[in-house]
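Here's the structure, in structure tokens; my notes come after.
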Amino acid sequence: MEGTSPRIRPRRDLARRRVQIEGVVPEVDAGRFAVKRVVGDELRVEADVFADGHDLIAVRLLHRPGAEGSWEEVAMHPLGNDRWAGSFVLPRVGEHRYTITAWVDPFLTWVRDLSKWIEAGEDVSLELLEGALLVAGARDRATAEVSGRLVEWEDRLRRWAADPDLPEGPLPDELTHLMSLAPDRRFETRYGRELRVRVDRELARFGAWYEFFPRSAVGEGDRHGTFADAREMLTYVREMGFDVVYLPPIHPIGSTRRKGPNNRTISESGDPGSPWAIGASEGGHTAVHPALGTLADFRTFREAAEAQALDVALDVAFQCSPDHPWVKDHPEWFRHRADGSIRHAENPPKKYEDIFPIDFETEDWEALWVALRDVFTFWMDEGVRIFRVDNPHTKALPFWEWLIGELKRRDPGVILLSEAFTRPRMMYRLAKLGFSQSYTYFAWRNTREELESYMNELTRTEVREYFRPNFWPNTPDILTEYLQTGGRPAFMVRLVLAATLSSSYGIYGPPFELMEASPREPGSEEYLHSEKYEVRSWDLARPDSLRPFIAQVNRIRRENAALQRTGPIRFHPSDNERIIAYSKTDPEEGGVILTVVNLDPHHKQSGWVDLESEALDLSVGKPSSGGLHSVEDLLAGGHYMWEPGRNFVRLDPSVSPAHIFRVSGPGRAESDFEYF
């Protein structure tokens, strides 16, 4: 009939489901992507769960490894204002699923109301009979053992209904427990999504990386280093306390339009070229540069690294020199110009004529994807489980999602570091797609406001659920103005910040510990005589090397669990903008690490830092007389006493530009301490 609204009938499966579930955290993009954790973590899940009326509800957190198998249940507890929380431990590496279910619980409602009637002095005979009916219903849902006990309780409730003044009381805890084992879930509400958590090994969250060029590992003249020479570097790297040794591309380098020193477009005989111009007659991405050695030599290098508890990370750069075998065998994988020639990489007005980018819009994309995947699996078969991926933001995003899924199915413990210095949304999308860690903007965050704002973004927004930052003060491509002009203190400052702000960090050495600071030209962040284009020799025994300082910082990180997570972090006010102070707390043991850094590498800075008791969670140590607490400077040495509130600090960058304090209770006489 015209003008009559159509009759809307409720879905039969929803009509009697009274509970609503919303506001689930963590949940990334409505469940489109997985959150990230490491093995052994406890995943805490919160949600808004409520129902109409005043009946009580029961809420369960469901979880299981992978998409198959039986769900395990964890009771969620109310936080107030219809917010509920629950958690479960992630026992193994791989993908896990979780969701939430809830139902109106007549028995819990009955228990609550019965106690109110009893407190009011009312006759509860009828209420007890209603409880007996609820128990009878549960009896049919329960296991044989539980059912037998419920039969006894049904009879007891009926007897109490006739004589409610029995001295043992109407509601022993046992009944509530038994009923919880056989709840009435006919009208339960299941959250509409199965959410995913990707569980990685610990190294995905906490680790220190050291990058070096194996061809410069000789330390004398300009002889091209080998894997055997690089093996000699491993003890040096491990003694500084690093966990990962990362090598730039180790493949044959093209000779066509090879770059010369300082990125000159014309090379001379003997110039080694850029390792990122991958591919020559000797092979491509699965071949080893003959000057470095053989595949067997690489295998020996990797085994030697593992013997020193070092993981080897390899660089994967999906681009080709004009001499790469793919250029001849698969020209359709590259873009062509109007004259039919293959287009080289360019960022107008810059040209990179020694590199051909790959065309991800090729008609032959499926074969291309498989070939690129096989590059990873080749090196995984050689025992490599960590990869630094060059410029992933210039490749198709659907490819990365597919590829990472393929690699994780093969080895859930594989770790991929995204090297994408690009727009924030692109960096975050790559992390959502599955990259384990990401390079960041840390290198260019210098002021207190910049550092605090950036860390708050990484640790206090949804970003923390999927984006794991890896802080690098320098890379072969990045020599910041701060390092160029700040001298030795600048390198110390940036190391402390990287190592204590983020649980994962790395340095490009030996230029970092030897404080290489000369740019190619004014205003450039390129190194003068960059190793990207020539073989360098380094005096690792230089007496002014930062090697001992780096080792000390890494030792502090290893010995203090509070520094093994990027967040949560709390910043403390200071009246001097050149001084930054922040603390982290060990989530299990409660130990507190307080870091105070002078951001000015040129001048002494002093000021008052507000160290609030509540912010530092000083329950980890009992205050001494007068409310004083002891703090130990793990970096510069010495013990101090301070009280919650404003404390004075002075940092001389020529001596030590930072304090790393371990906060604890009193354990020494006051005379053993200094004050500030």
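Checking each residue in segment 434-448 for being open to solvent by 10 Å² or more (accessible area, probe 1.4 Å) and touching a residue at least 40 places away in the same chain (Cβ under 8 Å) picks out Asn446, Thr447, Arg448.
Within segment 556-609, being in contact with a Ser or Thr (Cβ under 6 Å, 6 or more places away or on another chain), open to solvent by 10 Å² or more (accessible area, probe 1.4 Å) and part of a helix (DSSP H, G or I) holds for one residue alone: Gln564.
Scan segment 101-124 for residues that are open to solvent by less than 30 Å² (accessible area, probe 1.4 Å) and of a type outside the set (A, V, I, L, M) and the total you get is 6.
Considering each residue of segment 393-406 in turn, none proves to be in contact (Cβ under 8 Å) with a residue 24 or more places away in the chain, farther than 26 Å from Asp477 by Cα, of a type in the set (Asp, Glu) and not in a helix (DSSP H, G or I). Can you go through Ser274, Ser321, Ser255 and tell me which one is of a type in the set (Ser, Thr, Tyr), open to solvent by 50 Å² or more (accessible area, probe 1.4 Å) and in contact with an Asp or Glu (Cβ under 8 Å, 6 or more places away or on another chain)? Sole residue among the options that is of a type in the set (Ser, Thr, Tyr), open to solvent by 50 Å² or more (accessible area, probe 1.4 Å) and in contact with an Asp or Glu (Cβ under 8 Å, 6 or more places away or on another chain): Ser255. In segment 469-492, of all residues being over 23 Å from Phe435 (Cβ atoms) and touching a strand residue (DSSP E or B) at 6+ places or on another chain (Cβ under 6 Å), the one that is least open to solvent (accessible area, probe 1.4 Å) corresponds to Leu479. Here the strands (runs of 3 or more DSSP E) wholly within segment 66-155 that include at least 3 residues being under 30 Å from Asp41 (Cβ atoms) and not aliphatic (A, V, I, L, M) are 77-80, 83-89, 94-104. All of (1) farther than 15 Å from Leu181 by Cβ; (2) out of contact with any Asp or Glu (no Cβ under 8 Å at 6 or more places or on another chain) hold for Ala144 with one exception: (1). Considering only residues in segment 189-210 that are open to solvent by less than 10 Å² (accessible area, probe 1.4 Å) and in a strand (DSSP E or B), the one that is farthest from Glu239 (Cα to Cα) turns out to be Leu195. Look at Asp184 and say whether it is without any contact (Cβ under 8 Å) to a residue 12 or more places away in the chain and either out of contact with any Phe, Trp or Tyr (no Cβ under 8 Å at 6 or more places or on another chain) or among the acidic types (Asp, Glu) (or both). No; evaluated as a whole, the condition is false for this residue. Only one of the numbered conditions (1) open to solvent by 40 Å² or more (accessible area, probe 1.4 Å); (2) part of a helix (DSSP H, G or I); (3) not aliphatic (A, V, I, L, M) is violated by Phe298, and that is (1). Beta carbons closer than 6 Å, at least 6 apart along the sequence or on distinct chains, pair a first residue in segment 131-148 that is more than 22 Å from Ile118 (Cα to Cα) and open to solvent by less than 70 Å² (accessible area, probe 1.4 Å) with a second that is of a type outside the set (Gly, Ala, Ser) and part of a loop (DSSP other than H, G, I, E, B) for Val146/Leu181.
Looking across segment 324-339 at every residue that is of a type in the set (Lys, Arg) and assigned to a loop (DSSP other than H, G, I, E, B), the one that is least open to solvent (accessible area, probe 1.4 Å) is identified as Arg337. The single residue among Arg83, Arg64 that is open to solvent by less than 60 Å² (accessible area, probe 1.4 Å) and either in contact with a Ser or Thr (Cβ under 9 Å, 6 or more places away or on another chain) or small (Gly, Ala, Ser) (or both) turns out to be Arg64.
For segment 320-366, the set of residues classified as of a type in the set (S, T, N, Q) and over 22 Å from Leu397 (Cβ atoms) consists of Ser321, Ser341, listed by residue number.
The values are calculated or read from the model by the stated rules, or taken from the named source; none is laboratory data. In this text, all values refer to a predicted model and were calculated from it rather than measured experimentally. Note that each Cβ is placed from the backbone with ideal geometry, even for glycine, and that neighbours are counted across all protein chains shown. Side chains included, ligands, DNA and RNA excluded: accessible areas come from the protein's heavy atoms. Shrake-Rupley method; radii C 1.70, N 1.55, O 1.52, S 1.80 Å.
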